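Taken together, the values in this text are just the output of simple stated rules run on the coordinates, not laboratory data. The model shown is predicted, which means the values in this text are computed figures rather than measured ones. Glycine also receives a Cβ, built like all others from the backbone with ideal geometry; neighbour counts cover every protein chain displayed.
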Amino acid sequence: MTNNRILTPDLARGSALLGIAVANAVTVWTTNINHPMPGHIGIIAHDSLWDKIAIMIGAIFVHVRGLPMFATLLGYGVGMILVREQRNGSRYKRVLTRRYATLALIGVLHMIFLFYGDIMLTYALMALTIVPLAKYKDKTLIIVTCVLYLASTAFFIHSILSPTGEDRANPYGHGYFVDQLGPGTFLVQATPIMYLLDIITVLPMVLVGFIAGRRGMLENPEPYRRLMRWCAGLAVVVSFGLGIPLGLASIGVIGGEPAWFTLNQLVGQLVGLGMIAWVFYIAQWLQRRGWVHTLPVRMLVALGRMSMTGYVLQSVLFIALVVPWGFLGLGSGSGAAAAMSVGAGVWLLTLIFAYTWSRTVSKRGPLETLHRRIGYSKTSRAAILPAAEQNPPTEGTQFLTGATS
């Protein structure tokens, strides 16, 4: 019987992919050299009220909301793998290193050939960074997390006080080599430098998830209900407290849009665990009403279980359907409302694909299958099956590459 311990991570990943698709559609994929974006989170075409509403919605619910949840889920998956491997008497460092090195390779290929804004490489490197830290107690890791976040705060405050100029994505319209292959190759080469920045801006979110995963917060929620309520409340405060002024600045009601955008990048990091808590509450609500087997929930769970495939498929669809040098160029250079609709449409196509694949081929997506074959030795793959049968809740804890992919 499906329970909220399994349902929560799948629902979280599936819904986070919607936020990522919409955010990337607005800020990257629909950008066009012939229609420059004046702000950071969308174009207002012909003073459109719908575009202004879309920007407000995006500022509150989309931008720097899905990615923190994904980063936290990544850490949660690492923590779950650690517990499982230790329980099985395996060498967890070898398992984790091979697994996330494989994810890094997939991320490199995705960044070069499909989407220069790839997050898999960054998240894989953060997971590999956690491996030598896994031996330390939670208290030590909490201190490390706080120190890194303070460093991140200093960096973003410096960015606000000393702006260096343009920090938006380069608009599409020059062709595949200039728009994608060149930037993607450059960013892969710049990974060592970007890694130092990711240590202070991304690793804190992953560490929070790792601590939660090692403690089994979703599998044994009772001791953590008060913490989850606080985190859920914090997510609401941050989303509205920063999202509203960011949205107002982006539509020209108030000034300081670059500063609000940067502040949202910093404080938005805090919503990851809270967003997961909200999904946990929704999962409980669905279970109490017996709705976990309804079609929408099953479709969302299917996408959550193959989130790596879903994420990469977004890039394929955006290239095919949206960018100027793709097949259709739908929504290229459009206002925020149309761009958000395009992003939601792409996500819907991945949702349909995931559900169809899960019903006709396998519950594990094609990239998850490939990653599993490369990222695990035969011995490790054989050991996972009985462990999963004895403790089924772990099946729902993979994020891109979580406990059982």
For this session: With +1 on each Lys and Arg Cβ and -1 on each Asp and Glu Cβ, and nothing else charged, work out how big the dipole of the chain is about its Cα centre, in Debye to the nearest 20.
Result: 1880 debye
Exercise. How far is helix 49-61 tilted, in degrees, relative to the longest principal axis of the Cα atoms in the chain, given as a value from 0 to 90 rounded to the nearest 10?
Worked result: 30 degrees
For this session: Scan around Ile43 for amide H atoms under 5 Å from its own, H built in the peptide plane at 1.01 Å from N, and keep only partners 5 or more places away or cross-chain.
Result: Ala336
Problem set entry | Degrees separating the helix 366-375 axis from the principal Cα axis of the chain, which is the longest one | 60 degrees
Problem set entry | Nearest-ten-degree value, helix 66-87 long axis tilted from longest Cα axis of the chain | 10 degrees
Problem set entry | Global geometry of segment 249-346, whether rounded, prolate or oblate, following the gyration tensor of its Cα atoms and the 1.5 cut on a/c | oblate
Exercise. Using the eigenvalues of the Cα gyration tensor, what equivalent ellipsoid semi-axes result for segment 82-163 when each is taken as the square root of five times the eigenvalue, whole Å, largest first?
Worked result: 28, 23, 6
Exercise. Which of Ile142, Leu82, Ala232 sits closest to the plus end of the dipole of the chain, meaning its Cα is farthest towards the positive end, when Lys and Arg get +1 and Asp and Glu get -1 on the C-beta?
Worked result: Leu82
Exercise. For segment 125-141, what does the Karplus curve 6.51 cos²θ - 1.76 cosθ + 1.60, with θ = phi - 60°, yield as ³J(HN,Hα) per residue in whole Hz, taken in order and with x for Gly and Pro?
Worked result: 5, 5, 5, 5, 5, 6, 3, x, 8, 5, 6, 8, 6, 4, 4, 5, 5
